[in-house]
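Worksheet for the structure shown next.
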Amino acid sequence: MTVSVEPTTAQAGETESDQALRPHAEDAFAHELAALAAQDDRPRPARWRLSPWAVATYLLGGALPDGTVITPKYVGPRRIVEVAVTTLATDRALLLLGVPGTAKTWVSEHLAAAVSGDSTLLVQGTAGTPEEAIRYGWN
Ligand SMILES: Nc1ncnc2c1ncn2[C@@H]1O[C@H](COP(=O)(O)OP(=O)(O)O)[C@@H](O)[C@H]1O
Ligand SMILES: [Mg+2]
């Protein structure tokens, strides 16, 4: 069977985001990110849009003082998110390692959206990339 995939072109009045298969995290959760930024009075690392606390709250979910509900993005141990965010707040890189389908990419996109406001700044490795290549080859 041959499946042909036609490149899509934007119709009149249609934007690139209208065509997206799913919206970027910073668009889908723009309301939550704006509410967090407005109510976050904790210190923010240089060039971070939110404090580490607010980034972790964005990932794990919670309620803000004004009643805004932050939906959980990652369902799992809080500790993993707290360690990930803390690691990024230092001058170290964060390496998420695990079997496929355990939300590594998902968490990375949401972390990028919360920290920088742009989840497209993502370099996606493949299952064929050995850990050593990332650990020692990445700069
Ligand atoms: N612990 C989790 N919490 C929330 N969503 C999850 C979780 N684990 C898997 N998912 C869902 O599964 C999808 C696939 O995960 P993905 O990030 O692509 O995995 P990985 O990059 O680790 O292979 C995610 O987009 C998310 O919707
Ligand atoms: Mg992945």
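No value in this document is a laboratory result; all are computed from the given coordinates. If you're wondering where the values come from, they're calculated on a predicted model, not measured in any experiment. Neighbour counts are summed over all protein chains in view; Cβ atoms, including those assigned to glycine, are modelled from backbone coordinates with ideal geometry.
The table below gives the values:
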| quantity | calculated |
| --- | --- |
| Rounded if a/c under 1.5, otherwise prolate or oblate - segment 22-124, Cα gyration tensor axes | rounded |
| Lys/Arg +1, Asp/Glu -1 at C-beta; the chain dipole; positive extreme among 62, 24, 80 | 80 |
| Cβ-Cβ FRET estimate between residue 21 and residue 71, R0 fixed at 22 Å, reported to 0.05 | 0.60 |
| Full-extension gain in nm, residue 41 to residue 135, via 0.36 nm per residue minus C-alpha separation | 30.4 nm |
| Filtered trypsin sites (Lys or Arg not before Pro), segment 50-112: DSSP coil and at most 16 other beta carbons within 10 Å | 92 |
| Estimated 222 nm signal from helices in the chain, with DSSP H stretches of n ≥ 4 weighted -39500 (n - 2.57), rounded to 500 | -11500 deg cm²/dmol |
| Backbone N under 20 Å from the residue 31 label point (7 Å along Cα→Cβ), restricted to segment 47-69 | 55, 57-69 |
| About the Cα centre, charge dipole magnitude for the chain (Lys/Arg +1, Asp/Glu -1 at Cβ), debye | 620 debye |
| Contact order normalised by residue count of the chain, Cα under 8 Å, 6+ apart, percent | 21 percent |
| Full-stretch length increase - residue 96, residue 123 - with 0.36 nm per residue and alpha-carbon distance subtracted | 8.5 nm |
